[in-house]
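See structure below.
The values are calculated or read from the model by the stated rules, or taken from the named source; none is laboratory data. Please read all numbers here as calculations on a predicted model, not as lab measurements. Cβ sites come from the backbone with ideal geometry, for glycine too, and all protein chains shown count toward neighbours.
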Amino acid sequence: MQQMTAITPARSTWRDGLRQEFFPRDRRRDIDGLRALAVAAVVLMHAQWLRGGFVGVDIFVVISGYFMGRSALMQDPFQPARFVCRRLYRLLPALLCMVAVISAGMLWWVLQSDRADIALNGAYALVYLSNIWAAGHVGYFEGQALAYPFLHTWSLSLEMQFYGVIFLIAVMLPRVRWRMYAICAICVLSLGLSVHDHVMGDGQGYYRIADRMWQFCIGAMVWMLPRPRLSRMVANMAYALALGVLVGACVFYVRDYACPSWLMVFPCLAVVAIILLPHTDVARFTLGPVSPLGVISYSVYLWHWPVIVLANYLLMFQVAGLTMAGVLVVAMLAGLMSYVFVERVFLDYEGRVNVAVRNRGALALVCACGLLSAGLGYVSYISRVH
């Protein structure tokens, strides 16, 4: 009789775990690489090492529009509860953790005038209205921005407001083609408004959702475009050109070119071109290797600015040079810990629990943000009174 030998599954090693976590097979590495480029540009701009790093926000916006086009506009039928819960579990836990930790560690020792503004900014951030607060309080490129550790959350507020628009379109327009017509109309109107505000010199359009909706929309409109059938050489050349446009914009653009300037059309179209060309040699050798940074880009973005602001407060001088390099290392570690112990944990939880538990958890996250926002609003009020 032939002897049967048991086949035991190969043990997963820590290397396999890291590979699955930071090089996941169910994600496009080139888009994660785009996220890495975007967050690196923003961080380096805030470190005063890259003048055009604001382009990173525009890259994030187009990518967000692309994924929302798939998860909402192209879904028939649309699943509202699933869409909302996924967004809440994706964004709220890490934001809530960051605002709570920075508030607890900072508000008790800063000056009352600073405390009032910082607490109010945190309160607005937790209800995703930080861009509205910022438009009425501080210019993004002005020196006093260093006083506000939550100022960078204005872009997260824009993103959540866009989700609200997408949600309404998906619910009110049952047919996919109607949704796309609506997105095209919004894109044209928003681009027109952006150009108008640029001509009129309205710099606060940088914060407004109306001036940036066209960027979200062209990302969503990628799903309307036919996939290009190019030869391998032509695809690589087009990809390299688009990547060169993005890097060039990050290096050479000045603050006058920031949204609502029409010049932001070029890097946004470059992102669209890269998304439309997913399998190229250029992508594999350029954006692919940096994709792990893109995987944790949300948490890195959340933590890098508060760490920079806190360092300036504690050291009592504007951080630069090697000191700034050390601060950025701390910010990267904070972002990595946020991803591993907060962001990833809640996303895994959302994916494995049943619908009722998932919905209750989403409601609990919203309530927690509301309570902390109310508490920070009260701190701000008390600080102003006294």
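What do you reckon, is Pro260 touching a residue at least 24 places away in the same chain (Cβ under 8 Å), outside any helix (DSSP H, G or I) and within 24 Å of Trp154 (Cα to Cα)?
Yes.
Answer with yes or no whether Tyr89 is under 19 Å from Val300 (Cα atoms) and modelled with pLDDT of 95 or more.
In short, yes.
Does the stretch 308-320 include one or more residues that are free of Cβ contacts under 8 Å to residues at least 60 places away in the same chain, over 21 Å from the mean Cα position of the chain (by Cα) and farther than 27 Å from Arg115 by Cβ?
There is no residue in the stretch 308-320 that is free of Cβ contacts under 8 Å to residues at least 60 places away in the same chain, over 21 Å from the mean Cα position of the chain (by Cα) and farther than 27 Å from Arg115 by Cβ.
Results for (1) of a type in the set (Lys, Arg); (2) buried (at least 19 other Cβ atoms within 10 Å of the Cβ); (3) more than 17 Å from Met224 (Cβ to Cβ), shown as yes or no for each residue.
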site: Asp58; (1), (2), (3): no, yes, yes
site: Val62; (1), (2), (3): no, yes, no
site: Met68; (1), (2), (3): no, yes, no
site: Ser71; (1), (2), (3): no, no, no
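So which residues in the stretch 277-296 are closer than 27 Å to Ser157 by Cα and in a helix (DSSP H, G or I)?
Of everything in the stretch 277-296, those that are closer than 27 Å to Ser157 by Cα and in a helix (DSSP H, G or I) turn out to be Val290, Ser291, Pro292, Leu293, Gly294, Val295.
Run down Ile186, Ile209 and say which single residue is under 24 Å from the mean Cα position of the chain (by Cα), farther than 16 Å from Val57 by Cα, surrounded by fewer than 22 Cβ atoms within 10 Å (Cβ to Cβ) and not aromatic (Phe, Trp, Tyr).
Going through Ile186, Ile209 in turn, the sole match is Ile186.
Looking only at the stretch 313-334, how many residues end up being under 22 Å from Ala147 (Cβ atoms) and assigned to a helix (DSSP H, G or I)?
Count: 12.
How do the helices (runs of 4 or more DSSP H) wholly within the stretch 33-141 filter down when requiring 2 or more residues that are under 13 Å from the mean Cα position of the chain (by Cα) and closer than 24 Å to Leu277 by Cα: which remain?
Correct list: 55-68.
Right, Ser299: polar (S, T, N, Q), within 22 Å of Val55 (Cβ to Cβ), in contact with a Leu (Cβ under 8 Å, 6 or more places away or on another chain) and assigned to a helix (DSSP H, G or I) or not?
The answer is yes for Ser299.
Name the pairs: first residue in the stretch 94-109 and closer than 17 Å to Val300 by Cβ, second residue hydrophobic (A, V, I, L, M, F, W, C) and outside any helix (DSSP H, G or I), Cβ to Cβ under 9 Å, at least 6 apart or on different chains?
Met98/Phe150; Val99/Phe150; Ile102/Phe150
Can you name the condition, by its number, that Ala145 falls short on among (1) within 18 Å of Val309 (Cβ to Cβ); (2) surrounded by fewer than 23 Cβ atoms within 10 Å (Cβ to Cβ); (3) in contact with a Cys (Cβ under 6 Å, 6 or more places away or on another chain)?
The number of the failed condition is (3).
Tell me which residues, restricted to the stretch 229-254, are in a loop (DSSP other than H, G, I, E, B) and either of a type in the set (D, E, K, R) or within 24 Å of the chain's Cα centre (by Cα) (or both).
Arg229, Tyr253, Val254
Among the numbered criteria (1) touching a Ser or Thr at 6+ places or on another chain (Cβ under 9 Å); (2) under 25 Å from Gly203 (Cα atoms); (3) surrounded by fewer than 23 Cβ atoms within 10 Å (Cβ to Cβ), which one does Arg29 miss?
(2)
Being farther than 20 Å from Cys85 by Cα and surrounded by fewer than 16 Cβ atoms within 10 Å (Cβ to Cβ) is the filter; apply it to the stretch 341-379 and report the residue that is farthest from the chain's Cα centre (by Cα).
Restricting to residues being farther than 20 Å from Cys85 by Cα and surrounded by fewer than 16 Cβ atoms within 10 Å (Cβ to Cβ), the top hit is Tyr378.
Would you confirm whether any residue within the stretch 204-221 is closer than 24 Å to Ala182 by Cα and among the basic types (Lys, Arg)?
Checking the stretch 204-221: at least one residue is closer than 24 Å to Ala182 by Cα and among the basic types (Lys, Arg).
In the set Ser299, Ser261, which member is among the polar types (S, T, N, Q), modelled with pLDDT under 95 and either surrounded by fewer than 24 Cβ atoms within 10 Å (Cβ to Cβ) or under 25 Å from Tyr89 (Cβ atoms) (or both)?
Sole residue among the options that is among the polar types (S, T, N, Q), modelled with pLDDT under 95 and either surrounded by fewer than 24 Cβ atoms within 10 Å (Cβ to Cβ) or under 25 Å from Tyr89 (Cβ atoms) (or both): Ser261.
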